[in-house]
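Visitor: One structure, as structure tokens, below. Some questions next.
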Amino acid sequence: MASPAVERKTNRGSRDLTTTQLSRLRIRFEPVLRRGFHLYWRFARGMTLGVRGVVLDAENRVFLVRHGYVSGWHLPGGGVEVGETFLEALERELFEEGRIALEGEPELHGIFLNSHVSPRDHVAVFVIKGFTQDRPPEPNREIVETGFFARDALPEGTTLGTLSRLREVLDGVKIIPTWRPEGAGPL
């Protein structure tokens, strides 16, 4: 049973050998796949833009997601499509990943260079305190686990970029211009 500080929806109980094997393959080939996608995006898009949300509930817990295709726990978000504004992308991604609908305007926290992925990748981060969630999302192949977590009970594997943004938003640490601290090395 989850502690009161942690609520998560997972499909761990339904894992089988195939899912475990896919997870091992994903971890093994993740760096190559990431470089391949960004090489494609470099020519197809020139520069990539992303958006993430620091979604805080009434108890100041943060909503995090765990993807099926990349390691770690992340702030919800994703790519900004051609012809889409940051706000439209944020609304779309929050609903797709967390069934979260904005109520009111999110606050822009900052725009960060995500150079460990690509020298052309930038991510806009918004703080969201006004939202509704009609129900927790069902786990799927893209988002395998979600939850609201207290600052002192973040799940193991929370990424460096996510931790950096949470320190800035929740602890008042000075904002850095990069997605994660320089010299942090590859994931």
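Visitor: Give just the number: which of (1) of a type outside the set (A, V, I, L, M, F, W, C); (2) more than 19 Å from G130 (Cα to Cα); (3) at pLDDT below 95 does E84 not satisfy?
Guide: Tallying (1) of a type outside the set (A, V, I, L, M, F, W, C); (2) more than 19 Å from G130 (Cα to Cα); (3) at pLDDT below 95, E84 fails exactly one: (3).
Visitor: Now for a separate question. Since V70 meets every condition but one in (1) touching an Asp or Glu at 6+ places or on another chain (Cβ under 7 Å); (2) closer than 16 Å to V51 by Cα; (3) of a type in the set (V, I, T); (4) in a loop (DSSP other than H, G, I, E, B), which condition does it not meet?
Guide: Among (1) touching an Asp or Glu at 6+ places or on another chain (Cβ under 7 Å); (2) closer than 16 Å to V51 by Cα; (3) of a type in the set (V, I, T); (4) in a loop (DSSP other than H, G, I, E, B), V70 violates only (2).
Visitor: Still on this structure, please answer the following. Can you pull out the strands (runs of 3 or more DSSP E) entirely within the range 94-178 that have at least 3 residues that are surrounded by fewer than 18 Cβ atoms within 10 Å (Cβ to Cβ) and among the aliphatic types (A, V, I, L, M)?
Guide: Hits in the range 94-178: 107-113.
The values are calculated or read from the model by the stated rules, or taken from the named source; none is laboratory data. What you see is a predicted model, and the numbers here were worked out from it, not measured in a lab. As a convention, Cβ positions derive from the backbone with ideal geometry for all residues, glycine included, and neighbour counts pool all protein chains shown.
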